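Here is the structure we will look at.
What follows is calculated from the coordinates using simple rules that are stated; it is not laboratory data. In this text the structure is predicted, and so the values were computed from the model without any measurement. We place every Cβ from the backbone using ideal geometry, glycine too, and count neighbours over all the protein chains shown.
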């Protein structure tokens, strides 16, 4: 069953997510040199094909430009809820038939919801691609939404929230830190939704969300793998192409942040916490909202400051001082609106959280004051290039990069020009980004503490 | 000119506001014993008449059930903006004519906007009441909204925001504390609006707000003074009664708070700050959302803990210890949704902010642990009764109490039964309210610091 894994939890200490988010990796051409194709169907559905003929496998993804930040006030969680409902019966297929069809041919499928998009994907043999398109096109418009289906799935989601958030102190803290960091932007609301709002979501809410956002002209189809663009186009026209264009949606203009003037802290003490930890976050521009070059500088800043074991934070706190078990930095650049930049660490041995936080603050202040060296910058760019090679090697990574970029206001060209734009970033631009944005007076720090240590 | 004084700034250290908010005072009958009349016009406009024949004066107020918490996402400030626009030209009167008519007869007028309502009022001789009703009924539907009027007033409001918020560190902090305290409820957004949203408000936004909310069936008329209910009814029918009923609005159901699990701090350091200060706030139920008796207990809790010079905080910190120049508590009970309870203090002489905060925390913990004495409770109830007598003595206070109650989901009966409900509160209920709500692990503390003192 795949619908449990739906929502992307923002977990700063997850190394997997850090790599995936902090080092978006791109390629101008597909892995075997074939050109990426980009075209639209007559009904407005955008299609991106990334040929990759090394293995007889294809990744098929549909990205809807609708995420939790697009939800109406008081209806938090409906985007993620709807992702679940997409696995229910349609007028043509009973619930579970799509999943079983994927499993029967040895494929896998899943879906996820984030602030800015909801995506559904299957990885199968190329022969099954058109069948996948048929299933996916079917559920784009033909879901059967009954009160009973909605009520049953609502219970599943409430249990998911209890298990993944309400019973996890780090997740509860994360949620409160986001609600504190964002004074006005809807990223302040958790993707899974607030419990008191989830429990009131109903069929009318689901229907309204479906009818507004699930339409070919609000979706991007990404196909990566052992396929030819012309063949994909023909298949897409025979499946998605039959769906009528939906309503024209207004531009995705959401409430934005006011200027921030305060330093904030958020503390959660819980007896289930063994080792304390902290993270400090700032509001920074995303690739979509930044001035030219600024988001690229923030990406490299995160890489140099805390992007891995070669980073300053890791080297200083974990390797040299030996006071931290983990330390790093994260920049989430691919969002529609302004995004967050975070640093984090957890103490090791006899070191206290205050020692570790002071050491992180020192590194943050130093990089804004003194900047980075040319050698550091070159090494960070090289690491990005290497991560690109890894990404090229994974169909799903490439599909994710194109899909998330296109679903957050970017273009295929943005993806393709990204390596050049990274190469052009100067040490001065990185220093300027750190000095401008990583300012303590407008930061938010979250503290996760054992119950006995309520004072920090 | 009166339209500058529009919005109610939430200033915890304003003694005036503390008294007005913390001690709502009510009377079963009007000051001279005449009964309060409550009826509706055929178009749905509710009318409350509070006869008071001691002086030839009448207070005329119209309360619209629309405040900043009713604004659409991204349109913060439109409620207050609209209050300003109500002083512009109508199809029957040029801009300024209403104000001049009030001034010409020696009256005064004003307006204010809060989270839950917008109110307009005039105090004049009884002979002028029907003229006031005529003017007020006229602008309820006949405003002339031009692009030019809207643009000019937008500049006025942006300047108001700069002067009253952006140039005032305490106001900026207050705004950030509210945006931190409320994780989900719209009280998190300032009444005056965020600057980046105010500057985009336009005629279409104003028109939409006007057409939705400014209608007789969404308004409450309160008339207090030297008038007879029958005469008021006849005048109201000849003026407001001619306005057609507006659309039926849905119930005022807004996003509500999730459970809070974290302790948060908000710090603003500014070189314009001379003496540091702090306030700690909690989310608590309001008269509308509380279980029976709980809001009354919170009112008395605020009174005993910090309602004036007889309160525990004042006596302990200012009088006995001599470490604080001010100390108190505020409960804002008359809101449509959950509200806030606050304690605050500022150090005196050589005392540090940390000393003062610790002393406040001690008193808060003590009242939750040990409760209040019967003598304290009786004295607090007596002070409330005395504040009632003061309120009866002021027409405007009575009009405000009825208006704010009716505009936040209460009834005339709620106002009239309030003294009895206060008298029934037990010491145990006050202790329970303190223990349940004034919990450090779910509090938000704001620190206002001089620039050099960035560490607290």
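A few notes on this one:
- Each label was represented as a point 7 Å from its Cα along the Cα-to-Cβ direction; for residue A:108 and residue B:369 these points are 5.4 nm apart.
- Legend: ranking of residues A:175, A:363, B:396 from fewest to most surrounding C-beta atoms inside 10 Å; resulting order B:396, A:363, A:175.
- Under 19 Å from the residue A:439 label point (7 Å along Cα→beta-carbon), backbone N, region B:156-193: B:162-163, B:165-177
- Residue by residue along A:268-278, Cβ atoms of other protein chains within 10 Å of the local Cβ number 1 on average.
- Ordering A:198, B:57, A:309 from the fewest to the most neighbouring beta carbons within 10 Å gives A:309, B:57, A:198.
- For chain B, the longest principal axis of the alpha carbon atoms and the long axis of helix B:229-238 meet at an angle near 60°.
- Rounded tilt (10° steps) of A:374-392 against the dominant C-alpha axis of chain A: 20
- Distance between the pseudo-spin-label points of residue A:272 and residue A:396 (7 Å out from Cα toward the beta carbon): 2.7 nm.
- Here A:93, A:121, B:320 are placed in order of increasing Cβ neighbour count within 10 Å, fewest first, which gives B:320, A:93, A:121.
- Residue B:234 versus residue A:253: modelled label distance in nm, points set 7 Å from Cα along the beta carbon direction: 5.2
- Convex hull per residue volume in Å³, alpha carbons only, for region B:264-450: 130
- The ellipsoid that matches the Cα gyration tensor of chain A has semi-axes, each √(5λ) in whole angstrom, of 37, 27, 19, with the longest given first.
- Between identical copies, the spacing of residue B:155 label points, each set 7 Å from Cα toward the C-beta atom, reads 6.3 nm from nearest to farthest.
- Taking Cα atoms only, the orientation of helix B:395-406 departs from the longest principal axis of chain B by about 90 degrees.
- Mean projection area, nm², convex hull over Cα of region B:230-329: 13.6
- Cβ-Cβ distance of residue A:163 and residue A:211, R₀ of 30 Å, FRET efficiency by 1/(1 + (r/R0)^6): the value works out to about 0.45.
- Computed over region A:3-242, the alpha-carbon pair-distance distribution with 5 angstrom bins reads 1, 6, 13, 17, 18, 16, 13, 9, 5, 1, 0, each value a whole percent.
- For the protein assembly as shown, the Stokes-Einstein estimate of translational diffusion at 20 °C and a viscosity of 1.002 mPa s comes to 71 µm²/s, using the Kirkwood hydrodynamic radius over alpha-carbon pairs.
- Of all beta bridges that DSSP places with both ends in region B:264-450, some 75 percent have antiparallel geometry.
- Taken residue by residue and averaged, Cβ atoms of other chains lying within 10 Å of the Cβ of B:251-263 number 6.
- Where both bridge residues fall in chain B, DSSP classifies roughly 75% of the beta bridges as antiparallel.
- Over region A:264-450, relative contact order from alpha-carbon pairs under 8 Å, at least 6 apart, %: 39
- The radius of gyration of the Cα set in region B:178-282, together with its Dmax, comes out at 21.4, 59 angstrom.
- Counting only the Cα atoms, region B:371-420 fills a convex hull of 85 Å³ per residue.
- If you wrap region A:109-168 in the convex hull of its Cα atoms and look at it from every side, the mean projected area works out to 5.9 nm².
- Value of relative contact order over chain A, rounded to a whole percent, pairs C-alpha under 8 Å and six or more apart: 24
- Between region A:322-339 and region A:113-129, the Cα center-to-center distance that results, in Å: 26
- Nearest-0.05 FRET efficiency for residue B:146 and residue A:40, computed from C-beta distance (R0 41 Å): 0.45
- Rg(Cα) / (2.2 N^0.38 Å) computed for region B:46-126, rounded to two decimals: 1.26
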